[in-house]
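Asker: Here's a structure for you.
The values are calculated or read from the model by the stated rules, or taken from the named source; none is laboratory data. For clarity, every value in this text was computed on a predicted model and none was experimentally measured. Counting neighbours? That spans all protein chains shown, and the Cβs are built from the backbone with ideal geometry, glycine included. Note: areas computed on protein heavy atoms with side chains; ligands, DNA, RNA excluded. Shrake-Rupley method; radii C 1.70, N 1.55, O 1.52, S 1.80 Å.
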Amino acid sequence: MTDLRKKSGILYLSFALFLICAAAAAVMAFTALLTEKPIRQRQKSLVEENLKLVLPDFDAVKERKISGSDGTDSVLFLAEKDGKPAGKAVQTSTMNGYGGKIEALVSFDPANRVRRIVVISHNETPGIGTRVVERKAVRRLWDVLKGQKTEEGLPANEALDSYEGRTGDELSPGTVHFVSGATISSNAMLDLVRRAADILKEEESH
Amino acid sequence: MTSFAKEFTKGIWKENPVLVLALGMCPTLATSSNASNALAMGLATTFVLVCSNLVISLIRGIVPDKIRIPCYIVVISTFVTVTDLFMKAYAPPAIYKALGIFLPLITVNCIVLGRAEAFASKNGLFLSLLDGAGMGFGFTLALTVVGVIREFLSAGTIFNLHMQCWESGFAVLGQAPGGFIVLGFVLAGMNCLNIRKARKNGARYEPPPEFDCHNCALCDFGRTDEK
């Protein structure tokens, strides 16, 4: 038997490469088939989980996609419970963050006051801009050692919580919490919530 | 020590891919900003390393020398895609997002191709498995050590558990420049341990000769002097 490794004819080289690529393609196709469903389910449940965080109890959600004039896509969610409106939320984004795009879900109460804000994605500086946008549950060493249970629910964030209970017209740098050292991120967050309020106003006016 | 154990443990200390071979610096600096990301990245790379080492060792008899590199890359990228899809489906979303582009980039990680070319293409199935596992474990360990130090100093937490030493530390250590600084200190610490160990045995510490610049096939620099 000749040593296959020493072969150098163009036909054999192509054939060997073809064989390996075909096998690789088969393996990848099989994996894609296997993971397709869990990945789709997961993306769907992520949206649902975020909605559950910002909205009161609901059992059905209507979605309406809105394309803004500046190319940003937003989604208006109308939640229902037993056929009656239970809450509304707007998912929108701003490009004014320190690291570019910030995307958040903002929910409103029936009087169009901000109810709760959850930032879905951002690219702010760790330790500075993240103080404006991140809700992070902190587990402390002594609490864990003492066996104390960590608090359930949405972790607090001073900046995001300061928007709650205000209508879109009331939002200004004077009324919401600005984090010192993170002015750009704070401005971006204010811009984002104002956008969300404007979208809601626009949609309800027609 | 038997040679089997040696093949496994060499990747952890003597030929640690990050700390001695200095391979795969890019993912090391980018994903070691906190311990959980570092661990996840290490495990993903280990999986790819072990699988690709196995397959490359299996097909080493039929792959023509002239096209071995493209063949290895196809094998490696297949396993990277598989890992990427599985992590997208089952890993915690925050970790998958934090690893981002560095997960697909395992394909071009020098460690994986380096082991394929230097070891798996010349050795049997079992040895290649041990080599891949050892190298992957060493990579994971180095990454996690750097990650723990950076996370503790920059945020006061370890694996997201607040240590209550300080509220918020040096933010710079959480970013890429801080990664270089911490990595430098870890390297110095490792060299210090090696030197101390050698001194105890009455010898002088020399890095393994195969990593010496004098032995690099690419350049003859310094080959004539000193020797």
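Asker: Picking from A:127, A:153, A:174, which residue would you name as being loosely packed, with under 12 Cβ neighbours inside 10 Å, at positive phi and without any contact (Cβ under 8 Å) to a residue 12 or more places away in the chain? Working first, answer last.
Answerer: Working: A:127 fails: loosely packed, with under 12 Cβ neighbours inside 10 Å; A:174 fails: at positive phi.
Exactly one of A:127, A:153, A:174 is loosely packed, with under 12 Cβ neighbours inside 10 Å, at positive phi and without any contact (Cβ under 8 Å) to a residue 12 or more places away in the chain, namely A:153.
Asker: Which pairs do you get when a residue that is within 7 Å of another protein chain (Cβ to nearest Cβ), found in segment B:56-79, comes within reach of a residue that is open to solvent by less than 30 Å² (accessible area, probe 1.4 Å) and in a loop (DSSP other than H, G, I, E, B), reach meaning Cβ atoms under 6 angstrom, with the pair 6+ apart or on two chains?
Answerer: B:71/B:63
Asker: Mind listing whichever residues of segment A:130-142 are hydrophobic (A, V, I, L, M, F, W, C) and open to solvent by 70 Å² or more (accessible area, probe 1.4 Å)?
Answerer: Within segment A:130-142, A:137, A:138, A:142 meet the criteria.
Asker: Further question on the same structure: Conditions: (1) under 16 Å from the mean Cα position of the chain (by Cα); (2) within 13 Å of another protein chain (Cβ to nearest Cβ); (3) not in a loop (DSSP other than H, G, I, E, B). Residue B:33 meets all but one. Number of the miss?
Answerer: (3)
Asker: Quick one: residue B:104 ticks every box in (1) free of Cβ contacts under 8 Å to residues at least 60 places away in the same chain; (2) in contact with a Phe, Trp or Tyr (Cβ under 9 Å, 6 or more places away or on another chain); (3) not charged (D, E, K, R) except a single one, so which number is it?
Answerer: Checking residue B:104 against (1) free of Cβ contacts under 8 Å to residues at least 60 places away in the same chain; (2) in contact with a Phe, Trp or Tyr (Cβ under 9 Å, 6 or more places away or on another chain); (3) not charged (D, E, K, R), the one that fails is (2).
Asker: Tell me the residue from B:94, B:116, B:89 that is open to solvent by 30 Å² or more (accessible area, probe 1.4 Å) and either more than 8 Å from every other protein chain (Cβ to nearest Cβ) or without any contact (Cβ under 8 Å) to a residue 24 or more places away in the chain (or both), please. Even if it seems obvious, please write down each step before you answer.
Answerer: Numbers: B:116 fails: open to solvent by 30 Å² or more (accessible area, probe 1.4 Å); B:89 fails: open to solvent by 30 Å² or more (accessible area, probe 1.4 Å).
Answer to the check: B:94.
Asker: How many residues are within 21 Å of residue B:134 (Cβ to Cβ) and either open to solvent by less than 40 Å² (accessible area, probe 1.4 Å) or out of contact with any helix residue (DSSP H, G or I) (no Cβ under 7 Å at 6 or more places or on another chain) (or both) when one looks only at segment B:35-59?
Answerer: Residues flagged as within 21 Å of residue B:134 (Cβ to Cβ) and either open to solvent by less than 40 Å² (accessible area, probe 1.4 Å) or out of contact with any helix residue (DSSP H, G or I) (no Cβ under 7 Å at 6 or more places or on another chain) (or both) within segment B:35-59 amount to 15.
Conditions tested, residue by residue: (1) away from chain A (no Cβ under 14 Å); (2) at pLDDT below 90.
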site: B:109; (1), (2): yes, yes
site: B:131; (1), (2): yes, no
site: B:137; (1), (2): yes, no
site: B:153; (1), (2): no, no
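Asker: Looking at segment A:64-78, is at least one residue over 14 Å from residue A:196 (Cα atoms), over 16 Å from the mean Cα position of the chain (by Cα) and within 14 Å of chain B (Cβ to nearest Cβ)?
Answerer: So far as segment A:64-78 goes, no, none of its residues is over 14 Å from residue A:196 (Cα atoms), over 16 Å from the mean Cα position of the chain (by Cα) and within 14 Å of chain B (Cβ to nearest Cβ).
Asker: Kindly check whether there is at least one residue in segment A:54-67 that is in contact with a strand residue (DSSP E or B) (Cβ under 6 Å, 6 or more places away or on another chain), assigned to a helix (DSSP H, G or I), farther than 30 Å from residue B:74 by Cβ and in contact (Cβ under 8 Å) with a residue 60 or more places away in the chain.
Answerer: The answer is yes, given that some residue of segment A:54-67 is in contact with a strand residue (DSSP E or B) (Cβ under 6 Å, 6 or more places away or on another chain), assigned to a helix (DSSP H, G or I), farther than 30 Å from residue B:74 by Cβ and in contact (Cβ under 8 Å) with a residue 60 or more places away in the chain.
Asker: Here is a check on your reading of the model: is residue A:93 among the hydroxyl-bearing types (Ser, Thr, Tyr), touching a residue at least 60 places away in the same chain (Cβ under 8 Å), surrounded by 15 or more Cβ atoms within 10 Å (Cβ to Cβ) and within 20 Å of residue A:121 (Cβ to Cβ)?
Answerer: So residue A:93 passes the test.
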